[in-house]
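Since every read-out is calculated from the coordinates, none of them should be taken as a lab result. A quick note: this is a predicted structure, and the numbers were derived from the prediction, not measured.
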Amino acid sequence: MAKPTPLQFRNILVAVLAAAAFVWSVVAGLQWWVSAIIGCACVLSLASAYLNRPDAG
C-alpha cells in the first residue's frame, strides 16, 4: 500500500473534522441544511482523497 500524499492526508483530516462537525451539528440541533452542507464537505473530502491516490493513473 502506498504512503498517502500530503494532499490525501489533508483531505482525510478535513473529512474527519467534517464528520465530527456533522455529529455535533445533529446533536446541537442546528438547522438541517447546515448539517447537510457539513455532510457534503465530508463526502467530497473523502472522494478527493480517493481520486488523488498515487496509483489513480
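Table for the structure above
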read-out: 3J(HN,Hα) from dihedral phi, segment 22-28, Karplus parametrisation 6.51/-1.76/1.60, rounded to Hz, x for glycine, proline; value: 5, 4, 4, 5, 6, 5, 6
read-out: Net lengthening on full extension, Leu13/Ser48 (0.36 nm per residue, minus Cα-Cα); value: 11.4 nm
read-out: For segment 44-56, Karplus couplings with θ = phi - 60° (6.51, -1.76, 1.60), whole Hz, Gly/Pro x; value: 5, 5, 5, 5, 5, 5, 5, 6, 9, 5, x, 9, 5
read-out: Potential lengthening between Thr5 and Ala36 on full extension [0.36 nm per residue; Cα-Cα distance subtracted]; value: 8.4 nm
read-out: Sequence-distant residues sharing a close amide H with Thr5 (under 5 Å, placed H); value: none
read-out: Mean separation of Cα contacts under 8 Å, 6 or more apart, over the residue count of the chain: relative contact order %; value: 54
